[in-house]
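Participant: Starting off with a structure, shown below.
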Amino acid sequence: MTAKYAIGVDYGTQSGRVLLVNVQTGEELAVCVNPYKSGVIDNVLPSGTVLGHDWALQHPDDYLEVLYQMIPKVMQSVQVKPEDVIGIGIDFTSCTMMPLNEDMEPLCLDLKWRDNPHSWVKLWKHHAAQSEADEITELAEKRGEAFLSRYGGKISSEWMLPKILQILRESPDVFEATDVFFEACDWLTYKLTGNISRSSSTSGYKSFWHKEDGYPDKDFFSELDPRLENILDTKMGGPIVPVGNRAGELTEAMAKRIGLLPGTSVAVGIIDAHASVPAVGAVREGQLVMAMGTSTCHMLLSHKETKVEGVCGVVEDGMIPGTFGYEAGQAAVGDIFAWFVEHGIPEYVKFQADQENVGIHEWLEKNASAYKPGQTGLLALDWWNGNRSVLVDADLSGLILGYTLATKPEEIYRALLEATAFGTRKIIDSFLESGLEVKEIFACGGLPQRNRLLMQIYADVTNREIKVAESSQDPALGAAMFGAVAAGKDKGGYDNIIEAAEKMARVKEEFFVPIQEHVDKYNKLYKHYLKLHDYFGYGENDVMVELKNLKNSM
Ligand SMILES: Nc1ncnc2c1ncn2[C@@H]1O[C@H](COP(=O)(O)OP(=O)(O)O)[C@@H](O)[C@H]1O
Ligand SMILES: O=C(CO)[C@@H](O)[C@@H](O)COP(=O)(O)O
């Protein structure tokens with residue numbers, strides 16, 4: 001049989017990328033990255049409307065551009081015939097949601113609505129629905145809703161219902177005008193296939209849907225707000241299709257536009273971080289995958305369903321069929337380092353990095369590597385974008401302790417790297433305390449490829465070996481694998497994602513091994529991290545929330 005190919009389209013926070021992969025070998029033939037023209041809209045709308053605190057929106061046209069521009073570009077860069085591309089898979093940040101009209105078009109593209117911020121795509125890191133999230137948690141607790149325990153006991157402002165509730169409360173007219181609220185992932189799948197469906201992955205992790213129990217009762221929604229009584233049949237309606245299935249086939253019009261053949265199989269969409277799980281070959285119980293980029297998502301596979309504090313969700317078959325997929329996460333990781341590089345470094349660092357012809361991150365990494373664990377005298381809490389797991393509180397904020405007049409930028413950078421590693425250890429501890437096994441850790445995403453010091457710190461802080469994905473486009477590779485599964489064996493693909501992972505997944509031969517001397521030091525520092533974590537995180541000291549309230553009242 002001639003070689004067959006699949007396309008993975010990975011929609012990240014800042015950019016979308018398209019990867020063309022050989023289905024038999026997993027070889028990556030070409031990749032094209034398209035930074036979103038409008039990026040993350042967190043200050044003002046294109047029309048000039050000023051946004052409130054913690055808003056994060058996106059422009060839906062930026063997503064379509066990735067398909068229209070990047071798929072033809074990838075195809076032109078290699079000698080692959082469209083008929084040999086058997087499947088397409090999409091992964092997307094989540095919950096990135098949008099209000100659509102009855103023609104399945106985003107409301108924000110309509111002149112009538114475009115000045116209203118609520119008509120736009122709300123990005124996963126839109127955190128302005130915290131009070132709605134708290135309200136949902138309170139109601140679920142009061143009613144003893146069983147679903148709450150699957151989400152670590154607390155509802156995140158990042159998910160679908162808090163975002164819908166915020167729209168309803170702040171802009172009932174947008175709510176009324178909305179035909180359906182859709183995850184961007186599912187909207188793009190619709191754009192490719194013309195079929196309206198929802199992914200079991202986004203529905204399970206972000207919209208409270210459960211394979212056996214379905215959604216929470218209608219009563220729950222109506223008690224939250226009577227206007228939500230029928231939302232499951234109306235604005236949240238549509239068939240839910242399990243991941244690993246085919247969502248449909250490429251339409252004639254879309255095929256023409258992107259230079260592929262109509263009828264090409266399109267997979268049910270998945271959450272971006274989850275696509276990395278099969279892409280590193282993790283398909284078994286006890287395998288933990290950290291997708292480390294702007295944020296970090298921790299995905300753990302297990303055969304049992306249990307309660308885990310602060311977990312973002314557990315969904316049966318949510319990542320790999322036959323297992324329960326647990327997701328936890330840190331809402332900022334790379335974003336914290338980016339903040340420091342952008343706002344925290346003095347001119348002399350820029351000058352020296354220039355002289356040495358290296359980037360600021362590289363300069364800081366090199367200089368921070370000269371320190372031993374504990375030598376900076378600093379300890380930080382990694383809550384620059386709130387705390388996703390295990391505290392689930394977007395109102396928490398960052399902290400650095402131990403500054404002196406001698407503190408240097410590279411020491412602060414190191415403390416920030418360490419803080420994110422402590423945050424990850426806390427998440428692993430939470431899994432272990434719930435009786436789940438963590439046998440093997442994989443790291444993927446942009447960070448492990450770029451920062452060796454960071455990865456060594458993670459190995460030392462967790463006292464575990466860390467394997468790193470070979471592909472720098474891991475989610476896109478995973479999405480392409482789902483594309484190959486959507487096509488099926490008859491067309492040269494695979495019957496299921498486990499078979500696809502056996503043939504297409506890859507990790508680097510070299511991995512990060514803990515250094516005992518560092519492990520001992522970090523064990524001590526971690527105890528102090530936990531003290532700060534519990535003191536500020538569990539409400540004993542609520543100064544972070546008070547400061548935020550004060551700021552928001554200005
Ligand atoms: N050398 C580096 N060390 C640490 N962080 C870095 C480095 N280079 C870039 N970053 C951070 O990595 C993040 C981007 O990660 P990446 O995985 O490429 O993107 P995304 O999460 O959008 O998919 C940014 O927040 C950026 O600041
Ligand atoms: O929340 C999730 C997954 O549940 C992610 O989509 C979100 O953290 C964004 O991930 P990136 O950091 O852009 O890769």
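Participant: Restricting to region 433-446, count the residues that are at pLDDT 95 or above and open to solvent by 20 Å² or more (accessible area, probe 1.4 Å).
Facilitator: 6
Participant: Take the residues in region 298-313 that are crowded, with 18+ Cβ neighbours inside 10 Å and modelled with pLDDT under 95, then tell me which one is nearest to ligand 2 (Cβ to nearest atom).
Facilitator: The selected residue is C312.
Participant: Yes or no: R425 open to solvent by 40 Å² or more (accessible area, probe 1.4 Å), within 20 Å of the chain's Cα centre (by Cα) and within 16 Å of ligand 2 (Cβ to nearest atom)?
Facilitator: no
Participant: Of all residues in region 180-192, count the ones that are touching a helix residue (DSSP H, G or I) at 6+ places or on another chain (Cβ under 9 Å) and open to solvent by 10 Å² or more (accessible area, probe 1.4 Å).
Facilitator: Counting residues in region 180-192 that are touching a helix residue (DSSP H, G or I) at 6+ places or on another chain (Cβ under 9 Å) and open to solvent by 10 Å² or more (accessible area, probe 1.4 Å) gives 1.
Participant: Now for a different question. Among the residues of region 231-245, is any away from ligand 1 (no atom under 16 Å from the Cβ), among the aliphatic types (A, V, I, L, M) and closer than 25 Å to D84 by Cα? It would help to see each step written out before you state the result.
Facilitator: The first filter runs over region 231-245 and keeps only residues away from ligand 1 (no atom under 16 Å from the Cβ), leaving 231-245.
Subset that is among the aliphatic types (A, V, I, L, M): 231-232, 236, 240-241, 243.
Now narrow it down to the ones that are closer than 25 Å to D84 by Cα: 243.
Looking for residues that are away from ligand 1 (no atom under 16 Å from the Cβ), among the aliphatic types (A, V, I, L, M) and closer than 25 Å to D84 by Cα, one finds at least one in region 231-245, hence yes.
Participant: Please pick out the residue among E316, E342, E347 that is of a type in the set (D, E), closer than 30 Å to K154 by Cα and either within 19 Å of the chain's Cα centre (by Cα) or at pLDDT 95 or above (or both).
Facilitator: E316
Participant: Since K548 meets every condition but one in (1) farther than 30 Å from T2 by Cα; (2) in contact (Cβ under 8 Å) with a residue 60 or more places away in the chain; (3) surrounded by fewer than 18 Cβ atoms within 10 Å (Cβ to Cβ); (4) not aromatic (F, W, Y), which condition does it not meet?
Facilitator: Among (1) farther than 30 Å from T2 by Cα; (2) in contact (Cβ under 8 Å) with a residue 60 or more places away in the chain; (3) surrounded by fewer than 18 Cβ atoms within 10 Å (Cβ to Cβ); (4) not aromatic (F, W, Y), K548 violates only (3).
Participant: Let me ask something additional. Can you name the condition, by its number, that Q352 falls short on among (1) surrounded by 15 or more Cβ atoms within 10 Å (Cβ to Cβ); (2) part of a helix (DSSP H, G or I); (3) more than 14 Å from ligand 2 (Cβ to nearest atom)?
Facilitator: Looking at each condition in turn, Q352 falls short on (1).
Participant: In region 274-296, which residues are within 16 Å of ligand 1 (Cβ to nearest atom) and either out of contact with any Ser or Thr (no Cβ under 7 Å at 6 or more places or on another chain) or open to solvent by less than 10 Å² (accessible area, probe 1.4 Å) (or both)?
Facilitator: Result: H274, A275, S276, V277, A279, V280, V289, M290, M292, G293, S295, T296.
Participant: Right, another one. Find the strands (runs of 3 or more DSSP E) located wholly in region 227-328 whose residues include 3 or more that are of a type outside the set (D, E, K, R) and free of Cβ contacts under 8 Å to residues at least 60 places away in the same chain, and list them.
Facilitator: In region 227-328, the matching strands (runs of 3 or more DSSP E) lie at 296-302.
Participant: Listed residues K142, K125, K112, K73; which is among the basic types (K, R) and surrounded by 22 or more Cβ atoms within 10 Å (Cβ to Cβ)?
Facilitator: Residue meeting the stated conditions: K125.
Participant: What's the total number of residues in region 337-380 that are within 16 Å of ligand 1 (Cβ to nearest atom), among the β-branched types (V, I, T) and either in contact (Cβ under 8 Å) with a residue 24 or more places away in the chain or under 12 Å from P409 (Cα atoms) (or both)?
Facilitator: The qualifying residues number 4.
Participant: Output the residues belonging to region 76-93 that are of a type in the set (S, T, Y) and either surrounded by fewer than 23 Cβ atoms within 10 Å (Cβ to Cβ) or closer than 16 Å to G26 by Cα (or both).
Facilitator: Residues of region 76-93 of a type in the set (S, T, Y): 77, 93.
Correct list: S77 only.
Participant: Condition test on Q79, is it under 30 Å from M481 (Cβ atoms), away from ligand 2 (no atom under 16 Å from the Cβ) and assigned to a loop (DSSP other than H, G, I, E, B)?
Facilitator: yes
Participant: Between a residue in region 182-210 that is on the phi > 0 side of the Ramachandran plot and any residue that is among the polar types (S, T, N, Q), which pairs come within a Cβ distance under 6 Å, given they are 6 or more apart or on different chains?
Facilitator: Correct list of pairs: G194/T251.
Participant: Does any residue in region 31-43 that is touching a residue at least 40 places away in the same chain (Cβ under 8 Å) and over 22 Å from H118 (Cβ atoms) come within less than 9 Å, Cβ to Cβ, of a residue that is basic (K, R) and open to solvent by 60 Å² or more (accessible area, probe 1.4 Å) six or more places away or on a different chain, and which pairs are these?
Facilitator: Every condition considered, the pairs that remain are C32/K73.
Participant: A further question follows. Do we find that D91 is in a strand (DSSP E or B) and closer than 30 Å to L396 by Cα in this structure? Write out each step before concluding.
Facilitator: On the way: in a strand (DSSP E or B): yes; closer than 30 Å to L396 by Cα: yes.
Yes, satisfied.
Participant: Considering each residue of region 250-273, count those that are touching a Ser or Thr at 6+ places or on another chain (Cβ under 6 Å) and either within 14 Å of ligand 1 (Cβ to nearest atom) or open to solvent by 10 Å² or more (accessible area, probe 1.4 Å) (or both), and give that number.
Facilitator: Residues meeting the conditions: 2.
Participant: Next up: Determine which single condition N22 fails, assuming it passes every other condition in (1) surrounded by fewer than 17 Cβ atoms within 10 Å (Cβ to Cβ); (2) more than 16 Å from ligand 2 (Cβ to nearest atom); (3) without any contact (Cβ under 8 Å) to a residue 24 or more places away in the chain; (4) not charged (D, E, K, R).
Facilitator: Of everything listed in (1) surrounded by fewer than 17 Cβ atoms within 10 Å (Cβ to Cβ); (2) more than 16 Å from ligand 2 (Cβ to nearest atom); (3) without any contact (Cβ under 8 Å) to a residue 24 or more places away in the chain; (4) not charged (D, E, K, R), N22 misses just condition (1).
Participant: Exactly one of these conditions fails for T2: (1) under 21 Å from P475 (Cβ atoms); (2) outside any strand (DSSP E or B); (3) among the β-branched types (V, I, T); (4) more than 13 Å from ligand 1 (Cβ to nearest atom). Give me its number.
Facilitator: (1)
Participant: All but one of (1) surrounded by 15 or more Cβ atoms within 10 Å (Cβ to Cβ); (2) free of Cβ contacts under 8 Å to residues at least 60 places away in the same chain; (3) farther than 30 Å from E27 by Cβ hold for Y522; which doesn't?
Facilitator: Condition (2) is where Y522 drops out.
The values are calculated or read from the model by the stated rules, or taken from the named source; none is laboratory data. Computed from a predicted structure; not experimentally measured. So basically every Cβ, Gly included, is an ideal-geometry build from the backbone, and we count neighbours across all protein chains shown. Just so you know, the surface numbers come from the protein's heavy atoms only, side chains and all, with ligands and any DNA or RNA stripped out. Shrake-Rupley method; radii C 1.70, N 1.55, O 1.52, S 1.80 Å.
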